[in-house]
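Read the structure below first, then the notes.
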Amino acid sequence: MLKKTFSSAEVEARCYALWEESGVFACGRRAGADPYVVMMPPPNVTGSLHIGHALTFTLQDILVRYHRLRGRDVLWQPGTDHAGIATQMVVERQLASEGISRRDLGREAFIDHVWSWKEQSGDAIMGQLRRLGASPDWSRQRFTLDDGLSTAVGKVFVALYRQGLIYRDKRLVNWDPELKTAISDLEVDQRAHIGTMWRFRYPLLDDPARHIVIATTRPETLFGDVAVAVHPEDARYHDLINRQIVLPLAERPIPIIADSHADPEKGSGAVKITPAHDFDDFAVGQRHHLPALNIFDSEACLNEEVPAAYRGLERFTARTKVVAAMQERGLLDGVEENPMVVPHGDRSGVVIEPWLTDQWYVDAQTLAAPALLAVEEGRVCFRPRHWENTYFEWLRHIQPWCISRQLWWGHRIPAWYGPDGQVFVAENAQQAQTQAANHYGHEVDLERDSSVLDTWFSSALWPFSTLGWPEENSDLRRYYPTDVLVTGFDIIFFWVARMIMMGLHFMKDVPFRTVYIHALVRDEHGKKMSKSKGNVIDPLDMIERYGCDAVRFTLAALAGPGRDINLGQSVVAGYRNFATKLWNAGRFCEINGARDPSNFEPSACSLPVNRWIVGETARLARDVAAGIETYRFNDAASCLYQFVWGVFCDWYLECLKSIFAGDDETAKTESRGAAAWALSHILRVIHPIMPYVSEELHERLFGSPGGPLIASVWPEIPEALIDDDVAAEMDWVIRFITKMRALRVEAHLPTGQRLSVDLYGADETTRSRLMVHRSVLLNLAGLERIDCSQVQMDGGGLQFILDEATVVVPLAGVIDCAAEKKRLAKEIAKQRSEIDHFDKKLANNHFLEKAPKKVVDEQKRKRQAAVETLDKLTAALERVDA
C-alpha cells in the first residue's frame, strides 16, 4: 500500500541505487539501435553544484532519459575539467592558510598536492550530480588530465605546430599580476569606473618652449612611450608631424607620427603611444615599426627600463609619483574625472596589465574559417537560432589564441629549449632529445617550457578525446559526431567554437549537430544571483526541502527559449505540490483497484469518459515528445502539468468516483483498466523530467517484471484513439460543471445545498450528453435534479448560456432575492466609487509625472481589477433579475 505522503529523500536514494545497479545508464546495451550522444560539459573540480549546473544537467538528463525510452543507444559522456587557474588558486589559498606557498614546495610537490586535493574533494560535484538524478554512463567518466586525454593534447599540439598553426610570438597579453599568468580576453571582467584623466605637456625637442598636450588615464606608463600620434588630417598638428618631443622624466626623444588612431574630437587630439602596455598602441607600433618598451615586471612593478628613482615601484604608487613630478615641473596641464571601463581578472579581481611577453599562440583565424562555414551551411544548428549571430560575430573578428599560461597545474606545453634557445616541439622528452641531437649533431641538455596550456585547449578536444582518439576504435566510429551540446551562452567563445574548430580539423566532421543554449537563472525578481546580494539559490538545499523532482520540473517549466529564468522558492514549492498530486492520483488508483493495465484494450472502450482519457493520453505523449525533441522543455512541462493536474486528476478521476460508487460492474471494470492504463502511460511520459516519483509509483503499482521504468519504452499510442467527438462531449461536461461552480460562488449560494437546474432550448446532442453524464453532473456540480424543457417558465433565477441551451437555477427557496439584489447593488456602488477614485488619480498629470512608474502601473492594475469585479457583480444582478 502506498504511503499517504511521498517521501522524496527516501525514494531518491533507493531509486538511484536501483538504476546504477541495473546498468541502465551504460551505452552499448542495444545492438543495432541508433546512437544518441551528449557530451557533458565537464564541470570544474573546484566547486560545488550551483543553480546553473542544475539547469544544464537537468535538461541534458531529460534528453537522454527520453531517448533511452525511445530505444536509442544513449551515451551521456561524463567527466570533469582540471580547470587550471581555478584549481591552482583554490589549492594555493589552502596552502597560504597554513603559511606555505607553492614555491616553498616546488613544482612537483605542489602538483602532487593538487592531485591529492582533487582525489579527496575535487570530484564532489559528481556525487552532487547523482543527487540531481543525472544518468550518464559513469563507467566512462573522464578527466581532462587523464593519461589518454593528455596523449590527445600532445598529439594535437605537435600536429598544429608542424602545420604552422601553433607558433611562439612576443605579443601583448592580458597579464594578471596577482596570478602571474596570461589570461584570455574572455577571462577579463570589464568594470565601469569613474577614473581620472591627466593632461600632460610634452615639450618639442627643437623648440622647448612649445608643447604638445596629451591626455592619459595611466601616467605610470609614461616611461614606455615611444611616440605621440596625431590624426593625419588634423590641421592643428600638420607642422609637427615627423618632429620630435622630449619625453619628460625619461629625458629621451620620441617622434610625433600621423595615424588615424588619434581622434581629433577627443581630448587634445594627440595621444601617447605605448606599444608594450596598450593593445591599440601595439597595433599602431606595428604599423609604424616602433619599438615596444616593456617597463613592468611580472608583478606590475616598474623594472630596469625606467629611471632609477622609479624602479621597483608598484604601478599605482608609481602613478602618484609621476603625476607629482610632472606637476612639479609645470607639465601638468589639467585633471578631470573620466568615466571609463577598467579590465579586471575575473578570478583574481585585480586590474589587468597589458604586458609584452613571449607566449604560444594558435592561428585561430585559419581554424575559424571551416567552423564559420559549418554553421552557415547548417551542419551545426544553434537553438535558439539568434545565438548564431553571437557565434558569427566572434569568429569573424577572431584574434590569435594565446594558449600558454604561467601556471603549474595543467597540461605542460610539449616544447623543449636547447642551450641557444632553439625550440623542439615533440610529444615527449625522448622525441625532443632525438630532434635536438639531429639538430646539434650531439646530445645536449634540454629545458622544458615551464608554462601549461590554457584549460580550454584540452576541453576543445573533449568530444573525440573522451572516445579514445587518437587511436582508431569502434567508439569513435559509433559515437562521433554527437547529437547535441547543451550549455550556457557564456562559453560559446570559450568552448563551443573551439570544439567545432578542433573537431573539423582533426575528425573532419563537426563535433555535434545541435547546440542548445539555455538561459541564465536569476532570482525571483529577475536579479542576477551573487553571494554579495544574498540571493544565491543552492540547488542541493532546494532538493533537501522540496525533492529532486520538484527542482527538475521547475527548471524545465521555466526553460523557455530566449528568456532568462526567474527562480523563487515558491515556484519550486508549487511543483512539489504537483508531485504530491501525482502521488495522490496513484493512491486513488490503488485504493480503487486500478492496478492492472495489461488486459486493457483502449480501442474497446465503451464509456465516453474512458474513450476521452485514452485520446487525451495519446495527445499528451505526442505533445510532450514534440516539446522535448524541439528543445521546448517548458512546453513539454506545461503539457504534463495541465494534463496531470487539470485533466487526469481534477476531471477524469473525479468522474470515476461516480462510476465506482455505482452498481455497474462492467463500467467499473473498464474504468479500472482505463485508469491504470492512463496512469502507466503518464508515468513513462513524465519520467524524463520527474524520474523519482514516476519510478516509485510504477514499481509500487504495476511492478517491474521488465525492469525499472527508466528501462521501459516511450508510449506509442495510435493517433486513431484520439476521438474529437468524445473530446467535445467531455468538454461540454467540464464547461457545465465549471459554470455551475462559478455561479454558485458569484451568487453566494449555500455551499452544501443541492440545487435544481432547468435546461431550455437544448438540442438532441445536449439531451444525449445530459442523459449519459447525469450522475457525474449531479455529483460534481452539487445538483439535486436536472430537467430539460422546450419552453422557459416565468420566475426569477440564476442563468447562463451553454452552447444553444439556457441553464436556469430557480432561486425560490434557495436565497432571498430581494436581499441578494440589495447586497449586489451595494457592492456595485462600492466598485464604481473605487473606479472613480482611480480615474481621478490617473487623470492627474502631477501624479503621473512625479510618481514612480511601478506606482502608476499598480494603480492601473487595481483599476482594472475593480472593473472586472464590477462586470461580475453586474452580471450577477442581471441573473437575479431574470
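The values are calculated or read from the model by the stated rules, or taken from the named source; none is laboratory data. For clarity, every value in this text was computed on a predicted model and none was experimentally measured. Using ideal geometry, Cβ is built from the backbone for each residue, glycine included, and neighbour counts are taken over all protein chains shown. For accessibility, only protein heavy atoms count, side chains too; no ligands or nucleic acids. Shrake-Rupley method; radii C 1.70, N 1.55, O 1.52, S 1.80 Å.
Structure notes:
- Mean-position separation - Cα centroids, the stretch 603-633 and the stretch 344-362, in angstrom: 56
- Longest to shortest principal axis, alpha-carbon extents of the stretch 674-830, angstrom: 66, 40, 26
- Using the Cβ-Cβ distance between Q859 and R563 with R0 set to 25 Å, the FRET efficiency from 1/(1 + (r/R0)^6) comes to roughly 0.35.
- If the segment from R754 to D538 were pulled out straight at 0.36 nm per residue, it would be longer than the present Cα-Cα gap by 72.8 nm.
- Principal-axis tilt of helix 315-328 within the chain, Cα atoms, nearest 10 degrees: 60
- Relative contact order %, the stretch 668-724, counting alpha carbon pairs below 8 Å whose residues are six or more apart: 31
- E304 paired with V342, simple spin-label distance in nm, labels 7 Å along Cα-to-beta-carbon: 3.1
- With the simple model of a label 7 Å out from the Cα in the direction of the Cβ, A573 to N844 spans 3.6 nm.
- For the chain, relative contact order (Cα pairs under 8 Å, six or more residues apart, normalised by length) works out to 12 percent.
- Averaged over residues, the count of other Cβ atoms within 10 Å places the peptides 353-362, 861-870, 707-716 in the sequence 353-362, 707-716, 861-870, highest first.
- Surface per residue (accessible, 1.4 Å probe) for the chain, Å²: 44
- Compactness of the stretch 424-506 as Cα Rg over 2.2 N^0.38 Å, two decimals: 1.49
- When the solvent-accessible area of the chain is split by element, carbon and sulfur atoms take up 49 percent of it, the probe being 1.4 Å.
- Extending 7 Å from the Cα toward the beta-carbon at both D112 and L778 defines two label points whose distance is 8.7 nm.
- Tensor-based shape of the stretch 321-443 (alpha-carbon gyration tensor, a/c under 1.5 rounded, otherwise prolate or oblate): oblate
- For the stretch 6-130: rounded, prolate or oblate by the Cα gyration tensor [a/c cutoff 1.5]: prolate
- 0 to 90° range, to nearest 10: angle between helix 817-842 axis and the chain longest Cα axis: 20
- Virtual paramagnetic centre 7 Å along Cα→Cβ of D123, amide N under 20 Å, in the stretch 38-78: 39-50, 76-78
- Straight-line cross-link reach from K170 at under 20 Å between alpha-carbon atoms covers these lysines, not counting any fewer than eight positions away in the same chain: K180.
- Judged by the gyration tensor of its Cα atoms, with axes a ≥ b ≥ c, the stretch 508-660 is oblate; a/c meets the 1.5 cut and b/c is at least as large as a/b.
- Per-peptide average of other Cβ atoms within 10 Å, ordering 270-283, 453-466 highest first: 453-466, 270-283
- Dipole moment magnitude, nearest 20 debye, the chain about Cα centre, only Lys, Arg, Asp, Glu C-beta charged: 1800
- Euclidean distance between Cα centres, the stretch 678-736 to the stretch 19-85, Å: 25
- Placing a label point 7 Å from the Cα of V213 along the Cα-to-Cβ line, the residues of the stretch 260-295 whose backbone N sits under 15 Å from it are 264-272.
- Measuring how big the stretch 596-718 is from its alpha-carbon positions, Rg and Dmax come out at 14.4, 47 Å.
- Computed from the C-beta positions of Q163 and H288, the FRET efficiency with R₀ = 30 Å rounds to 0.40.
- Taking the square roots of five times each eigenvalue of the Cα gyration tensor of the chain, the equivalent ellipsoid has semi-axes of 68, 39, 22 Å, listed largest first.
- Extension gain (nm, one decimal) between F392 and E265, 0.36 nm per residue minus Cα-Cα: 42.5 nm
- Among A283, F648, S603 - extreme Cα towards positive end, dipole of the chain, charges at beta-carbon: F648
- Linear extension gain, A851 paired with R385, 0.36 nm per residue minus alpha-carbon span: 163.7 nm
- Net charge dipole size for the stretch 303-390 [Lys, Arg +1 and Asp, Glu -1 on Cβ; Debye, nearest 20]: 260
- Counting only aspartates and glutamates at least 8 places from K850 when in the same chain, those with an alpha carbon closer than 16 Å to its own are E858.
- Of all lysines in the structure, the ones whose alpha carbon falls short of 16 Å from that of K821, not counting any fewer than 8 places away in one chain, are K830, K872.
- Based on Cα contacts under 8 Å between residues 6+ apart, the stretch 318-452 shows a relative contact order of 19 percent.
- Accessible area of I591 (1.4 Å probe, protein heavy atoms only, ligands and nucleic acids ignored): about 100 Å².
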